[in-house]
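Below you'll find the structure, written out as structure tokens, and then a few comments.
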């Protein structure tokens, strides 16, 4: 007559064990989902984005105008001494557009060359101007840039698209062809990319 009571007790203990196991799994899953993403690749602290300096009147000349050469020289002190540019440290990488077969893209490299020399860094040119999305992806995914500053000099026609690819939303307005002194600073410290505008070299 006692056998049914033993079976019921066994079933009760089994149900309690199942419930405890299920609860533990739910708790572990919640902790895993909410844990800080230390295993994920974090992005740079900030990205400095600018256009190349002034170009000559001759459309066949792929280099900087004399005024552009002067602005490129002034970029060095602006980046290295302005607190807003260096608050996360000086740039650890300098990027510019790759030159095409017609030498388009040369001016971006010439604009940042004096700065790169001062920083003792190479000017990296892995992509053409039209490949802004690939440029953004490479920079955001590189663990070497985590928490650091990266500088990019790009063609003005693509800068607003590059900013959007770097997470800026809404996308900035089109960069005017006559503007050479503007600098975008994209910060990632607040969790969402924020964009601030500065001027230099005047």
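A short reminder: the numbers here are calculations on the coordinates, not readings from a lab. Please read these numbers as outputs of a predicted model, since none were measured by experiment. Here the Cβ positions follow ideal geometry from the backbone for every residue, glycine too, while neighbour counts run over all protein chains shown.
If you count, for each residue, the other Cβ atoms within 10 Å and average over each peptide, how do 157-166, 80-89 line up from highest to lowest? All intermediate terms of the calculation are to be shown ahead of the outcome.
Values: 157-166: 20.3, 80-89: 13.3.
Top to bottom by mean Cβ count within 10 Å: 157-166, 80-89.
Which part of region 137-157 falls in the paramagnetic zone of residue 189, meaning amide N under 15 Å from the point 7 Å along Cα-to-beta-carbon?
Within reach of a label on residue 189: 147-150.
Starting from the Cα of residue 118, step 7 Å toward the Cβ, then list every residue of region 61-83 with an amide N under 15 Å from that point.
Answer for region 61-83: 69-83.
What does DSSP give for region 66-195 in terms of the percent of beta bridges that are antiparallel, rounded to the nearest 5? Before the final figure, lay out the partial values.
Numbers: 2 of 8 bridges.
Percentage antiparallel, nearest 5: 25.
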